[in-house]
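Have a look at the structure below, then the notes.
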Amino acid sequence: MNRESHRTSLYRELFKRHQDNPILTAQHWPYPANTVFNAGACQFEGQTLLLVRVEDRRGHSHLTVARSNDGVTNWKIDAQPSFAPDPANFSEEAWGVEDPRITWIAEREEWLITYTAYSPSGPMVSLAKTKDFKSFDRMGPVMPPEDKDAAIFPRRFDGRYAMIHRPVSSGSSGAHIWLSFSPDMTHWGDHHVLLFARRGAWWDANKIGLSPPPMETPEGWLIMYHGVRHTPGGCLYRLGLALLDLEKPWQVLRRADEWIFSPEETYERQGDVNGVVFPCGWILDEATGDIRMYYGGADSCIALATGRLTDLLDFVQRSPAQPIRSRPGIAYND
Ligand code: BMA
């Protein structure tokens with residue numbers, strides 16, 4: 001047992017790494033790639049579908065679909081980029097498209113993809129929709145730079161769509177998670193902070209961002225987010241949990257104090273960017289309550305870890321309650 005697994009074994013393990021990790025690397029790719037990582041995930045036509053961020057050897061990223069029957073093995077990967085940057089028509093994609101999150105919008109019977117469009121003015125949030133993961137209909141950028149780590153809720157609240165995202169401003173004391181609303185998915189407003197980055201020694205001090213899309217559960221919206229800890233040895237990306245009210249998603253009910261997942265294995269600690277676990281997708285099996293979390297390891301591979309919804313809810317429900325907000329727009333910072 002190495003030092004890292006010894007350290008973990010003292011805590012309750014909410015997500016268990018798959019023994020075949022990493023499950024996808026650039027070596028699996030049907031065309032040249034530098035790295036593959038940070039994939040959106042969903043269950044589509046009976047298969048697990050990953051929308052994988054692929055970085056080429058210019059440093060620019062595009063997205064490519066990979067499908068598997070069991071979500072672990074025998075991935076069928078599109079022979080070419082499935083969603084390549086289109087800078088001629090969408091100049092905000094000049095430096096690539098990154099980190100997709102996928103949401104099924106039942107009332108529209110289509111998948112919504114939020115992704116980072118890397119523009120020369122900085123990263124911004126863009127939207128695209130698809131019904132088949134073959135053709136994609138861009139809806140354009142919806143948040144100016146710098147903004148990323150966005151995902152749409154699968155349903156409306158009082159007639160409005162809601163999106164979580166992470167703007168960064170030079171004048172603020174940190175990079176926090178925000179919530180915004182829209183009547184049409186094009187025009188967004190009513191912006192306010194949902195979760196503040198903590199300060200000082202906390203694992204989620206100064207910079208946080210949403211990881212996979214919010215997951216609807218009977219107890220509320222389950223939120224997984226990453227916290228970025230700056231250390232003399234570089235950054236550490238770790239994951240934590242929060243719970244939002246089902247009908248008032250601006251109300252944070254619970255926020256766990258401790259991280260629940262952290263770079264430990266070699267494929268998480270060493271790569272193009274050391275010390276990163278970065279999930280953009282998780283899939284709940286409604287029948288069993290099992291959750292599969294797909295995450296990028298060290299910006300160099302895709303790995304899988306599984307947990308149980310009941311364990312996650314139990315953990316987050318025992319976490320500190322958060323201040324009551326009577327309406328969106330009111331936020332508190334400690
Ligand atoms: C974040 C994002 C992720 C990346 C992470 C670590 O800012 O850009 O795509 O995995 O940094 O490099």
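Every number here is computed from the coordinates shown, using simple stated rules; none is lab data. Remember, predicted model here, so these are calculated numbers, not experimental data. Quick reminder, even Gly has a Cβ in these numbers, built from the backbone with ideal geometry, and neighbours come from all protein chains shown.
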Reach of LYS129 by Cα under 19 Å, taken over lysines that are not fewer than 8 positions away in the same chain: LYS148
Per-residue Cβ neighbour rank within 10 angstrom, fewest leading, HIS28, HIS230: HIS230, HIS28
For region 301-321 and region 124-184, distance of Cα centres in Å: 24
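Which order do the peptides 192-202, 290-300 come out in when sorted by mean C-beta neighbours inside 10 angstrom, highest first? Intermediate results must be reported in sequence, preceding the final value.
On the way: 192-202: 16.8, 290-300: 23.6.
Ranking, from highest mean packing down: 290-300, 192-202.
From the helices alone, meaning DSSP H stretches of at least four residues, give me the mean residue ellipticity at 222 nm for the chain, per-run term -39500 (n - 2.57), in deg cm²/dmol to the nearest 500.
On the way: 3 runs with 20 residues, N = 334.
Result for the chain: -1500 deg cm²/dmol, rounded to the nearest 500.
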For CYS235, CYS280, CYS301, CYS42, order by how many other beta-carbon atoms lie within 10 Å, fewest first: CYS235, CYS42, CYS301, CYS280
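Can you give the % of DSSP beta bridges in the chain that are antiparallel, to the nearest 5? Intermediate results must be reported in sequence, preceding the final value.
On the way: 95 of 99 bridges.
Within the chain, antiparallel bridges account for around 95 percent of the total.
Let me know the Kirkwood hydrodynamic radius for region 3-317, please, with Cα pairs as the basis and the value in Å to one decimal. Spell out each step's value before the answer.
Numbers: mean 1/r = 0.0515 Å⁻¹.
After inverting the pairwise mean of 1/r, the radius is 19.4 Å.
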For region 207-299, the spread of Cα positions along each principal axis, largest first, Å: 41, 28, 17
Listed residue pairs exceeding 24 Å between alpha carbons, taken from LYS76/LYS134; LYS16/LYS248; LYS76/LYS131: LYS16/LYS248
C-alpha center-to-center spacing [region 23-37, region 43-82] in angstrom: 9
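Quick check on packing: order 68-74, 320-326 by the mean number of other C-beta atoms within 10 Å, highest mean leading. Don't skip to the answer; put the middle values down first.
On the way: 68-74: 13.3, 320-326: 11.7.
So the peptides 68-74, 320-326, ranked by packing, come out 68-74, 320-326.
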Ranked by how many other beta carbons lie within 10 Å on average, peptides 132-138, 213-219 from highest: 213-219, 132-138
For region 234-249, 3J(HN,Hα) per residue [Karplus equation, 6.51 cos²θ - 1.76 cosθ + 1.60, θ = phi - 60°, Hz, x = Gly/Pro]: x, 8, 10, 9, 10, 10, x, 10, 9, 10, 10, 4, 5, 9, 10, x
